[in-house]
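The values are calculated or read from the model by the stated rules, or taken from the named source; none is laboratory data. The structure displayed is predicted, hence computed values, not measured ones. Cβ coordinates were reconstructed from backbone atoms using ideal geometry, including for glycine residues, and neighbour counts include every protein chain displayed. Calculation scope for accessible area: heavy atoms of the full protein, side chains included, ligands and nucleic acids excluded. Shrake-Rupley method; radii C 1.70, N 1.55, O 1.52, S 1.80 Å.
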Amino acid sequence: MVDVVTRILIRRPRAEVADFAGDPDNASQWYVNIHATQREDSGPLVVGSRIAFTARFLARDLSYTYEIVELVPGERLVMRTSQGPFPMQTAYQWTDADGATLMTLRNTDKPSGFSRMAGPVMALLMRRAMRKDLQRLKAQLEARQPQIE
């Protein structure tokens, strides 16, 4: 099993961070490897909502669909996919931190076949990509308005 957790402090209110990061339409703006998203249903995100993603990872284009399996607006969002070579669960958590937001990004997967043998390398690559993603998100959100003092 691969379980990678990264965190970052974003000097913006939790509601703003959660609204932006939790909106699948914004994913390609802050995820380095995600190029496109497409909602498979309309209306607000709810448990059961499905979002198709197109990404590039390990020099390969991947298409997969996440389903929202847990949603507490402004606090937690958990998505899961069973497609592709890397069945993955992605969780976002947002907590208050002295007027700023601590965002936690966690990816877990249960690789099979060759992917299972490559698990430790996958974890390293995922951690590196996830840190870049959170740094990109932080830079975008903190550039919007003056930072919280």
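Key figures
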read-out	value
Residue match in the range 28-50 (condition: at pLDDT below 90, open to solvent by less than 20 Å² (accessible area, probe 1.4 Å) and outside any loop (DSSP other than H, G, I, E, B))	no
The range 72-92, subset hydrophobic (A, V, I, L, M, F, W, C) and within 20 Å of V4 (Cα to Cα), residue modelled with the lowest pLDDT	F86
Meets criteria (basic (K, R) and open to solvent by less than 60 Å² (accessible area, probe 1.4 Å)) for R12	yes
Selection count, the range 53-74, where residues are open to solvent by 40 Å² or more (accessible area, probe 1.4 Å), in a strand (DSSP E or B) and either more than 18 Å from M122 (Cβ to Cβ) or of a type in the set (D, E) (or both)	8
The lone exception for D25 - which of (1) closer than 30 Å to D98 by Cβ; (2) surrounded by 16 or more Cβ atoms within 10 Å (Cβ to Cβ) it fails	(2)
Scope the range 24-37; condition out of contact with any Leu (no Cβ under 8 Å at 6 or more places or on another chain) and either within 22 Å of E75 (Cα to Cα) or not aliphatic (A, V, I, L, M) (or both); matching residues	D25, N26, A27, S28, Q29, Y31, N33, H35, T37
Number of positions in the range 20-66 that are under 13 Å from the mean Cα position of the chain (by Cα) and free of Cβ contacts under 8 Å to residues at least 24 places away in the same chain	6
Residue under evaluation P146, criteria (1) modelled with pLDDT under 85; (2) open to solvent by 70 Å² or more (accessible area, probe 1.4 Å); (3) in contact with an Asp or Glu (Cβ under 9 Å, 6 or more places away or on another chain), criterion not met	(3)
Some residue of the range 114-131 being within 13 Å of the chain's Cα centre (by Cα), under 21 Å from V17 (Cβ atoms), part of a helix (DSSP H, G or I) and modelled with pLDDT of 95 or more	yes
V4 vs. criteria at pLDDT below 95 and not in a loop (DSSP other than H, G, I, E, B)	yes
